[in-house]
Amino acid sequence: IGNGGDRTSSSNTATGNITVAAGNLTLTGASSLNAGQGYALIGNSAVHNSSVANSGVASGNISINVKGQTKVQMTDGAGEAWIGNVAIGGTETGALSLITGTFANTDNHLDQFILADLVGGDVTIGVTNANTSNAVDGLSYSSANALTILTAGDLTITGSVVNSGTGDITLVTGWKPS
């Protein structure tokens, strides 16, 4: 879901805000190379072309609101599942807000999205179900952008959460989403 560019386009930029609202959300990459090396992406994507000035720009804010469960899963094949703007060899900008009732097994890839998306903008992750226990395994990064993690339930931090840049880190438990 989003806009995409490829190496052959004249400008190879992908811009625009993305809004997704769902009851439940499952994002799954392709299961094999024979499936077309497919990937599942919520975000804009662009690939830098060295022969085209200002190419490889992916930008736009992403807002995802899921009332139920969010599940992001990689496969044992070549498929990727990703949330956020992707600019291969270029630049990506835009904030990400992902608010969900609960997370199912995300194959421990949520931290990868967070770290990659903090390069281009603020990141807010929220869990609205107060009956859940959530964990952050630890994050270490350098960014001028803000990271906000909100949970209506419990939050366990199992490692350090450190930003050596200037962006704020906000962790909230007992969050009461409106």
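The values are calculated or read from the model by the stated rules, or taken from the named source; none is laboratory data. Computed from a prediction, not measured in an experiment: that's the story for all the values here. Every residue, glycine among them, receives a Cβ derived from its backbone with ideal geometry; neighbour counts consider all protein chains shown. The accessibility values were calculated without ligands, DNA or RNA, using every heavy atom of the protein model including side chains. Shrake-Rupley method; radii C 1.70, N 1.55, O 1.52, S 1.80 Å.
Observations on the model:
- A single member of Ser164, Ser140, Ser160 is open to solvent by 70 Å² or more (accessible area, probe 1.4 Å) and farther than 30 Å from Val57 by Cβ, and it is Ser160.
- Any hit, region 112-125, residues being open to solvent by less than 30 Å² (accessible area, probe 1.4 Å), touching a Phe, Trp or Tyr at 6+ places or on another chain (Cβ under 7 Å) and modelled with pLDDT of 90 or more: yes
- Looking only at region 60-102, and only at residues there that are modelled with pLDDT under 90, of a type in the set (Gly, Ala, Ser) and in a strand (DSSP E or B), the one that is most open to solvent (accessible area, probe 1.4 Å): Ala87
- Unique residue being polar (S, T, N, Q), part of a loop (DSSP other than H, G, I, E, B), at pLDDT below 85 and open to solvent by 80 Å² or more (accessible area, probe 1.4 Å) when the list is Asn49, Asn34, Asn105: Asn105
- Among residues of region 163-178 that are modelled with pLDDT of 95 or more, those with a Cβ under 6 angstrom from a residue that is open to solvent by 70 Å² or more (accessible area, probe 1.4 Å) and not in a strand (DSSP E or B), sequence gap 6+ or separate chain, pair up as Ser164/Ser142; Gly165/Ser142; Gly165/Ala144; Thr166/Ala144; Gly167/Ala144.
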